[in-house]
Each structure stands twice: as structure tokens, then as C-alpha cells.
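K.L.:
Sharing a structure here in C-alpha cells format.
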Amino acid sequence: MSEPFDKIDKNNEELENVGVDEMEKRGDFFIHGERINGQDKGAIALERINRLYVVLGWISAAMSIFVSPLFVIAGITFGVILNKQVKRSGNMIILSNIALALINIVISEVILMLSNNIIYR
């Protein structure tokens, strides 16, 4: 039960024993109690940003089917940004945004046609 706490305490003791200059020379850093290399920091930040773009892309896809097809612009933008960072990672977001916007347009037209038939009969 206390193993994770022991691990964090051990990491903190290592930090206290190792000077900052020595830690920078080794390139080791601790984030949330886990040791990572200095070279990995950019990859971790990029992965977090990629997750953010994926979430925002799917949120804009949901908004495009329920609110307005104009949210597709944001979804396609997030998909393109994902494709630039990681190859083929945003294709599904782009396609789903376009498909859901088309479904929204078709459903809107059907509702308008039905309401016109009800009003002018």
C-alpha cells in the first residue's frame, strides 16, 4: 500500500543527494515522481498537446452535428494540426467532422421541408 509513497520518498532523497549541476549533466528530471530524461520533455509536452487536439476535434464533431455545421472548421483545423505533428493521426477526426456536418445539413433540410408542409397545408 505504501510502495508508491516509498518510491516518491526515494526519488526525493535522490534529488536531495544529487546536486543540480550533476542532475543537469545526467539529463535526469522527475515529473510526478517518475524519472525522465531531459530529451523526453518535449515529447511528453507534444503528447499532451496531441491529446488536447484530439479531444477538441471530437468535441467540435459533436457540436457540428447538434449545433451548427460551422464547427467543422475548428474540427478540420485540429485534424490538420494533428496530421502535421503525427502522420495520419487526424484523418479520422477530419472525416468524422465532415460526415457529421453533412448529416446535420440533411436533417436540417428534412425538418425545414416537413415544417413547410405543415404550415402551408
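No value in this document is a laboratory result; all are computed from the given coordinates. Keep in mind the model is a prediction, meaning the values are calculated, not measured. FYI the Cβ positions are ideal-geometry reconstructions off the backbone, even for glycines, and counts take in every protein chain you see.
K.L.:
Would you call ILE103 of a type outside the set (Lys, Arg) and either surrounded by 19 or more Cβ atoms within 10 Å (Cβ to Cβ) or not in a helix (DSSP H, G or I) (or both)?
P.N.:
When the stated conditions are applied, ILE103 does not pass them.
K.L.:
Considering region 65-98 alone, what residues qualify as being of a type in the set (Gly, Ala, Ser), buried (at least 18 other Cβ atoms within 10 Å of the Cβ) and farther than 10 Å from TYR53 by Cα?
P.N.:
Of everything in region 65-98, just one residue is of a type in the set (Gly, Ala, Ser), buried (at least 18 other Cβ atoms within 10 Å of the Cβ) and farther than 10 Å from TYR53 by Cα, namely SER96.
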